[in-house]
Structures are given as C-alpha cells and as structure tokens.
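Reviewing the structure listed below.
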Amino acid sequence: MKKIKKSSIAMLLTFLLLIPLTLYLGTFLSGRNYYITATLIIVELLIPFILAFEGRKPQARELVLIAVMCAIGIVGRVAIPIPHFKATFAIIMLSGVAFGPEAGFMVGAVTALASNFFYGQGAFTPWQMMAYGAGGMLAGYLFKKKRLPKNPFILAAFGFFAVLLWVGPLLDCSGLFLMSPSISFSWVIAYFAAGFSVNMSQAISTAVVMLLFGKPLLDILERIKRKYGMSEESEGG
Amino acid sequence: MTQDAFSKYHPAINILFFVGAIGSCVMIQHPAYLLAGVLTSGMYYLLLHGRSGWKMIGALVPLFLFLAAINPLFNTRGETVLFWILGRPYTLEALLYGVSVASVFVVMMLWLGCYNKVLTGDKFTCLFGNLIPSLSLLLVMVFRLVPNLIRKTRQISGARKAIGKGAGSGASLKNKLTAGMTVLGVLTSWALEGSVVTGDSMRARGYGTARRSSFTIYRMTAADWGMLCILLILLGTVIGFAIGGSMTATFVPKRSIAPIGGTNLLGFAAYCGYLLIPSALHIKETIRWNISKYRI
C-alpha cells in the first residue's frame, strides 16, 4: 500500500474537520464573530501548505533561492523610485512561472509576512499571505510545461487580471470583515468600490512590469537554472 | 530611558498578551469594555512611540468618526430616529453600533501598532523556530537579505549614474521606469548567483543532515512564569464573565447593554487590569529609572 503523506493528512484534516469546526463554533461567538471566523479560516488554509513545505525538507539551494526572490520583491520599491508603483506582485508571479507553483506559493506568502515585519503587521497579514501565495501558485500552474506561452502580453494580461480580480478583492475582504458592522450586499459593494482605484493602480503597475520586465527577468531566472542544473525534473531528485 | 519593560519578558508572554487583548476587543462590544480598550491601548501606544505616536492617533480620529457616522446610512434599523437623510431614517441605535465597530477597529490598530514595536522579528523566529524550522530560516534569511539588497541596489544605481546612464530626480517617468527595471534585473542576477553559492556552502557544511538546533537569548525566568500566571488568571476571569453574559451588548434594532455593577464589576476590573499590565510595567520602570538617576 502506498504510504499516505503527512501533508495530505493535514490537508484532509483541515478541510474536513478544522474549517467546519471553526464555522460551527463561530456561530456561538457573540457580536462580530465573522471577522475572527474568517481570519481563522484563512490561517487554517495556510497551514497545509506550510506543513507540506516543512515535510518536504527543502534543500539549501531551494531555501536560499526563495529567500532571495522574497527579498527582491520587498526591495523592488527601492529600485524603482516611483510612488505607488509596486513591482512586488509581478516578481512573485514571475518566480511562480520560473520555479513552479510550490515555490510561487512560498515566495508569495513569505514576501507578505516578511515585508510586514518592515512596514508593520496588520489585521490583513494572513489575508495578504494567502492572496500573494495563491497568486504565485496560480501563475506557476498556468505557465507550467508550456500550458500558456510565456509571451510578454499574456504575462501582462495575467498579472493585470490576477491583481484586479483576486489579490485586490481578497485584501478588500479583510477590510470588509474588520470594519463593516454587518455583511450585507450594500457593504460589499461599498468596500469593493472603495478598493477599486487602489487595485486598479496595482494591476496596472503589475502589468507594466510584466510587459517590460517579464521576459528579461524570466531569461535571467532560466539562465541561472540552466547554469546550475536546477531544472524542474532534477529538483525532485 | 532604556527599553520597554514589558518587551523584556519572554516572547511567549508578549504574544499571549496581544492575542488576548486583540481577541477580546473583537469579541466584546460592550461600550465600557471598548472604552477601556481604547484608553489602555492608546496609553501603551503613546508610551512606546513617544511623541511620534500622536501622528497615528491623529490619523485614527477622522477614520473613527467616518466609520461611526457611515453605518446609519447603510443600516436603518433602530427606534430613535435622529433625522432623515435621502428619504431614509438615521437612527441613534445604528450610530451607536457604528461607534462600537469603529472603536473595535481603532483598538485593533493601536494594539497592532504596539505589537510591531514589542514583537520584533527575532522574537517571532524564536517562538516559531522549532515549530516551523524551514519557514523560520526563510524569514531570517529574508531579514538579512533586505538591507543587503538595498545596499546593492544603491551600488548598482550609483555605478550606472557614474557612466551617465542613471535616471535623476528630473527624469521622465518612462526613463525612471526603464532605469529601475535595469537595476532590478542586474540585482536579480547578482543576488541569485550569490544564492546558489550560499546554498552550496550551506550544503557543504551539513545543512539538512541532522536536526537543526536553534539559538535563542530568551529563557523563561521566574518573573516570566509569574507574569504568565497573572495573565492567565485575569484572562480566565474575563472569559468566565463573558460566557456568563455580563459583557453582552446589542444596539440594533433595540439597545440592550448589560449593566456594570455588582459582581459584574469584578469582570470589568479583571479586563482593565489585564490591559493595563504593559503600561503599568513601563511606567514603573520609568519611575525607577528616574529615581536611580536622581540618586547619582
């Protein structure tokens, strides 16, 4: 019989036990329980990914590589001194494209966590980790094994819609759950409308970085991979 | 003045306090408890940040007013109509509910502001180093790499400026963008080459061959255990009274707020005591420091 991995057990436990339990207990809390319940669920969703990463016992090279990509994402705003222009998310997605979905997730989640140590942790930290991590992972899946061509325009379009439709709204959700007195349709519309301009500027800056910089950066990453023999097939061995 | 006294306790004590303080402020919407939360978190925030702390408080006040005032526009339930706006009633109950939601938000921002000052990166990795070793190692490496890469970025742009390829402050947006991208590209290949060398060097020194031990300078001392007991007793009292229903308050559609008095006062006192601990320690330390300085 094939041995079941520890991380898949954690994944199953989270989805079948922990999240329903949280939802069930959440109904007992008085007052604005939805914020605590929602944030707990986000944290619980992060657990299986982190356990899978820990369980795999990542190699030294892989660890340092992820750390470097995270640091570049954080430093991006020093390198490009234009206000409100963030290359962070583009770099996360390009890491996902170059090194695969798992690395994409870790780069995203760790970038969110680590950058908040520099700029201040907030109630949004777990949400940001999830949003960035899932964005990096999605990029990894979509561009894996030439499913989508790594064309600058496709990269830019992907970055634009991923920020506008996934990362931005998920961050708006943390504000919605924290600040609005009740969850109703009008509040949801109000929050998403308020966040739209910020999300739009983020989406545009991500698309610009992807368009101008996506291909050159991918070439750099590919070159490093080829030079040091870190192609995806040999990574497992 | 030296360091904040509460920050000198074990990181586990620090994180326990903040989890308790933030958790209870989100769960309890009783006005008296919220007021206690606002005052204590504001006090500790100002003690930690000094004069620059007022900037944050100044930014939170308009946000508080906005969040409080906007709720009745969405929620028209309630008994006491204050006035009509756009054909919809603006009720006192909904306004009070808005005030309570806005206070929760303000208290949370203030406690998180204190958390950022108290629980630094090294304390975080000390707490989670054994639980999630690879992730903590990643975080430590990122903490080290960020200042390192900022230095390298300055070097690269300085070198490019010296050969006349830099974008000064007067450059157009397009030039700034392309210059920034080039710097980022150079930085990426430089840092990644370095990362491979670091990785191989770690492997050569036996990374991954055995359980990694971690060094911390934090030890649970007698004072830490004492503080842990105090925190747990106070928190237990608060939770006990909360389950007993002495902290319930609803605003819409009808105001119903549990009175503070009799035995309920004990729960309130425990809550205030819990939230005052860090500020009290800080003030005690300041007074002691000044007395010792005076004696010299």
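The values are calculated or read from the model by the stated rules, or taken from the named source; none is laboratory data. Note that the structure is a prediction, hence the values are computed from the model and not measured. Virtual Cβ from ideal backbone geometry, glycine too; neighbours counted across all protein chains shown.
What the table below lists for this structure:
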| read-out | value |
| --- | --- |
| Residue check, B:TYR115 in contact with a Pro (Cβ under 8 Å, 6 or more places away or on another chain) and aromatic (Phe, Trp, Tyr) | no |
| Qualifying residue in segment A:223-232 (condition: charged (D, E, K, R) and buried (at least 18 other Cβ atoms within 10 Å of the Cβ)) | yes |
| Scope segment B:135-155; condition at the interface with chain A (Cβ under 9 Å from one of its Cβ atoms) and buried (at least 19 other Cβ atoms within 10 Å of the Cβ); matching residues | B:LEU135, B:LEU137, B:LEU138, B:LEU139, B:MET141, B:VAL142, B:PHE143, B:LEU145, B:VAL146, B:LEU149, B:LYS152, B:THR153 |
| Of the criteria (1) closer than 22 Å to A:LEU65 by Cα; (2) surrounded by fewer than 18 Cβ atoms within 10 Å (Cβ to Cβ); (3) modelled with pLDDT under 85, which one B:GLY129 fails | (2) |
| Scan of segment A:58-85 for residues that are surrounded by fewer than 24 Cβ atoms within 10 Å (Cβ to Cβ) and farther than 23 Å from B:GLY158 by Cβ, ordered by number | A:PRO58, A:GLN59, A:ALA60, A:ARG61, A:GLU62, A:LEU63, A:HIS84 |
| Candidate set from segment A:207-237 (those that are more than 13 Å from every other protein chain (Cβ to nearest Cβ) and in a helix (DSSP H, G or I)); member that is modelled with the lowest pLDDT | A:SER234 |
| Which numbered condition B:GLY185 misses (of (1) more than 7 Å from chain A (Cβ to nearest Cβ); (2) in contact with a helix residue (DSSP H, G or I) (Cβ under 6 Å, 6 or more places away or on another chain)) | (1) |
| Qualifying residues in segment A:89-105 (those that are surrounded by fewer than 23 Cβ atoms within 10 Å (Cβ to Cβ) and not small (Gly, Ala, Ser)) - the one nearest to B:SER201 (Cα to Cα) | A:GLU102 |
| Residue satisfying all of: in segment A:49-100; among the small types (Gly, Ala, Ser) and facing another protein chain (nearest Cβ under 9 Å); farthest from A:LYS215 (Cα to Cα) among these | A:ALA60 |
| Within segment A:103-145, considering residues that are aliphatic (A, V, I, L, M) and under 15 Å from A:SER174 (Cα atoms), the one nearest to the other protein chains (Cβ to nearest Cβ) | A:ALA123 |
| Which listed residue, of B:PRO89, B:PRO72, is in contact with a strand residue (DSSP E or B) (Cβ under 7 Å, 6 or more places away or on another chain) and either part of a helix (DSSP H, G or I) or under 24 Å from B:TYR33 (Cα atoms) (or both) | B:PRO72 |
| Among (1) facing another protein chain (nearest Cβ under 10 Å); (2) part of a loop (DSSP other than H, G, I, E, B) - the single one B:LEU67 does not satisfy | (2) |
| Test: residue in segment B:240-247 that is outside any helix (DSSP H, G or I) and over 26 Å from the mean Cα position of the chain (by Cα) | yes |
| Flag if B:GLY50 is on the phi > 0 side of the Ramachandran plot and in the same structural domain as B:GLY113 (by TED's automatic domain parsing) | yes |
| Close pairs (6 angstrom Cβ cut-off, 6 or more residues apart or separate chains): without any contact (Cβ under 8 Å) to a residue 12 or more places away in the chain in segment B:6-23, crowded, with 21+ Cβ neighbours inside 10 Å and outside any helix (DSSP H, G or I) anywhere | none |
| Condition met for B:GLY166 (of a type in the set (Gly, Ala, Ser), within 20 Å of A:PRO216 (Cα to Cα) and more than 7 Å from every other protein chain (Cβ to nearest Cβ)) | yes |
| Verdict on A:ILE189 being of a type in the set (Val, Ile, Thr), within 14 Å of another protein chain (Cβ to nearest Cβ) and touching a helix residue (DSSP H, G or I) at 6+ places or on another chain (Cβ under 7 Å) | no |
| Odd one out for B:MET220 among (1) more than 30 Å from B:PHE17 (Cα to Cα); (2) more than 7 Å from chain A (Cβ to nearest Cβ); (3) of a type in the set (A, V, I, L, M) | (1) |
| Criterion (closer than 23 Å to B:PRO11 by Cα, in a helix (DSSP H, G or I), of a type in the set (Gly, Ala, Ser) and more than 7 Å from every other protein chain (Cβ to nearest Cβ)) met by exactly one of B:GLY158, B:GLY194, B:GLY226 | B:GLY226 |
| Conditions (1) touching a residue at least 60 places away in the same chain (Cβ under 8 Å); (2) surrounded by fewer than 18 Cβ atoms within 10 Å (Cβ to Cβ); number of the one not met by B:TYR33 | (2) |
| Some residue of segment A:129-149 being aromatic (Phe, Trp, Tyr), surrounded by 16 or more Cβ atoms within 10 Å (Cβ to Cβ) and either under 18 Å from A:ASN116 (Cα atoms) or in the same structural domain as A:ILE36 (by TED's automatic domain parsing) (or both) | yes |
